[in-house]
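Just so it is clear, none of the values below were taken in a lab; they were calculated from the coordinates. Everything numeric in this text was worked out from a predicted model, so none of it was measured. As a convention, Cβ positions derive from the backbone with ideal geometry for all residues, glycine included, and neighbour counts pool all protein chains shown.
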Amino acid sequence: MTELNHIDGDASSEADALDASGHARPGMLALGKVAAPPNKESTSEFFYFWVERDKLVERTQIVTTSSVLRKGDKPVEFVGLVEEVYRQSRQQDMGEEVDRFDADTRVKPPFESAGFTYAKVTILRTDPVTHAPPTEESTVYLGGEREAARGYGIDRMSKPLKLGLLRNGGTPFAGPATIDLDYLLGENGGHLNVNGIAGLGAKTSFLLHVNAMLLREAERQKAELGVSYPGLLQVVPIIFNVKNYDLFFIDHWGKGWQNEKDRAKPEWNDYLGIADPTPFRDVEFYAPREKSGSTVNVGRTDGKVKGYSWSLSDVIEQRLFKFLFAEEDIYDANFGGLVGELEESLTNEMSGKTQLNTHGGETATFAKLLDWFRGPGRDTFTDAVGGTKGKLLRRLKYIVNEGDVVLRKDDPKGNPLVLPQVGVSGPVVIDLYGIRLAPSLQRFVVAAVFHQLIQNRSGTKSVDGLRYIVTLDELNKFAPKTGSDPITRKIEEVAAEMRSQGVILLGAQQQASLVSPRVIENASIRAVGRSGSLELSAEVWKFLGSSGRSQAAQIQADEKLLVQPSFRAPMLAKIPYPPWALKKEDAALPYSSGGPAGSGTPSARKPPVDAEFA
């Protein structure tokens, strides 16, 4: 008869289970006992245990045991995570198994020869701190929320942020999946990076969820501590839209929410403490200006989308001129030097302010700059050879003509992005998809935003407690592994230096191996969605270990492996289904109630028109 390991053990096995000190653990399910298989010795990092018959042990389960490691000492409690489960036959080899059945599946041998199951456990925590494995014959129990909280150090977090449901095997959960804000927002580290293949990786959905939870945390602190509390958390989420115009509908209910809410709302409520999850509110939308002056059509008809653009004056005043040029241009010493000279010629410092030097009106716009550089301005730069000047003219002409959507060719003033300098209740969505045919322009916009944020956080007007949360997908495009241009260096500067100044990057990509190592390595929190096996074989994923890489290749779209410096093993989290729309086709009614995303406090005067979705 085939042996099964079932989670429901008989009552006697639970009641009679004893720990290493000889005491029973009432209400806890005993799974087996510690043992070391041949050639698989336990260490201070992991141990093995055999599994009792009729008990089910699964990968990612939380388990606990205790052992007296030295006579006279108190028991040491171990909390661990099942890394892998093994099943072994009692026969010496496969040949003996075949012989038992005479190589015929219809044959029933006269004697049973049941195999056995054992599991490998990664040690998450010992109490007291001990660098040794548990001893043989110590009873291993299935852990729950208490053990998970202790194993991952959630009980020690001063600033916890619940993100999802912590998996405890295949379907059960062991409380909220929680990260430490000290590692995300700059105290002990900063930034978050998520990796995953298109579609199944669900990167954008996850990062929107993180933004929603941060907005809610800021609202909670404001309500509980008061607006005058020193260092009160304030957030300004800035989300770049890079694919279609999907993120222009996050203030709408998702059509799928109607079908999923009965299942999803208990997850939001029971694990995240949010009774009525809602779409985002108070969202500011920005899209590129077209040549006509109107805003790129993103699919909305309510007039809430504002246009953005830069004139030459804006570019000079905000010190963005160098970001107009590609890497191969700037790092040509002669060309880069000429770009610097031209920028200096166009810059006029007046009373501590940077202004455009129009040369008597001859360089008031990009179009006039081209004419000036073709004519009298060409002779101004005597140190540059004619070939370099010609190259710069061609580059400027290409940039201005290609960028006539965002860079206003004939206008003396544009409408540059001006980002909030105090906390907000909703995110700022900035479209890049409308200029997808001009990758250099996309990179310019990203660099301009980061440059402004750095200026805001480095100046005298910097607000204590303010965090800019910048969400950017396709990092391989904006900060490639081999890149060394000003835009890549700006993102690297943010990743390496700006967390302490309150600029936090929530980055995403399909392949971390193609992104600048400085950007990836400076992300204190890593979230891993479904990823390709070839990508997971890259050196950048070595930290996950073989078990973690195997998990990352198999997990579901609504799951993420969370990695934090204080975790001794990745945490597998299920992310609740979102109430907001993730694309235009999914958008139902716009959200009409107050409260931050995730709180959903409806109006007390009359039911909102979208009440059926709540």
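Brief remarks on what is shown
- Among beta bridges that DSSP assigns inside the range 421-572, antiparallel share in %, nearest 5: 55
- DSSP bridge orientation in the chain - percent antiparallel, rounded to nearest 5: 65
- Take every DSSP beta bridge whose two residues both sit in the range 11-157; close to 100 percent of them are antiparallel.
- Normalising the average separation of contacting C-alpha pairs (under 8 angstrom, six or more residues apart) by the number of residues puts the relative contact order of the chain at 20 percent.
- Computed from backbone phi, the HN-Hα couplings of the range 363-375 come to 10, 6, 9, 4, 4, 5, 4, 4, 5, 5, 6, 6, x Hz, rounded to whole numbers (Karplus: 6.51 cos²θ - 1.76 cosθ + 1.60, θ = phi - 60°; Gly and Pro given as x).
- Assuming charge only on the beta carbon of Lys and Arg (+1) and of Asp and Glu (-1), the dipole of the chain about its Cα centre is about 1480 debye to the nearest 20.
- Taking a ≥ b ≥ c as the square roots of the eigenvalues of the Cα gyration tensor, an a/c ratio of 1.5 or more together with a/b no larger than b/c marks the range 457-590 as oblate.
- Each Lys and Arg adds +1 at its Cβ and each Asp and Glu adds -1 at its Cβ; summed about the Cα centre, the range 11-157 shows a dipole of about 360 debye.
- Three-way shape call for the range 365-468 based on the alpha-carbon gyration tensor, with the a/c threshold at 1.5: prolate
- Cα long-axis angle, helix 333-346 against the chain (0 to 90 degrees, to the nearest 10): 60
- Degrees, to the nearest 10: 439-458 long Cα axis against longest axis of the chain: 80
- Cα gyration tensor category, rounded, prolate or oblate, for the range 11-157 with a/c compared to 1.5: prolate
- Exceeding the 22 Å Cα-Cα cut-off - candidates LYS353/LYS391; LYS306/LYS584; LYS243/LYS584: LYS353/LYS391
- Angle in degrees between helix 386-402 and the longest Cα principal axis of the chain, rounded to the nearest 10: 70
- Of the trypsin sites (Lys or Arg not before Pro) found in the range 451-493, the ones in coil according to DSSP and having at most 13 other Cβ atoms within 10 Å of their Cβ are LYS461.
- Bridging of LYS203 to aspartates and glutamates at a Cα separation below 19 Å is possible for ASP246, ASP251, ASP431, ASP473, GLU474, GLU521, GLU535, ASP558, GLU559, GLU585, ASP586, once same-chain residues fewer than 8 apart are set aside.
- Each of ASP485, ASP473 was scored by other Cβ atoms within 10 Å of its Cβ. Arranged with the fewest first, they read ASP485, ASP473.
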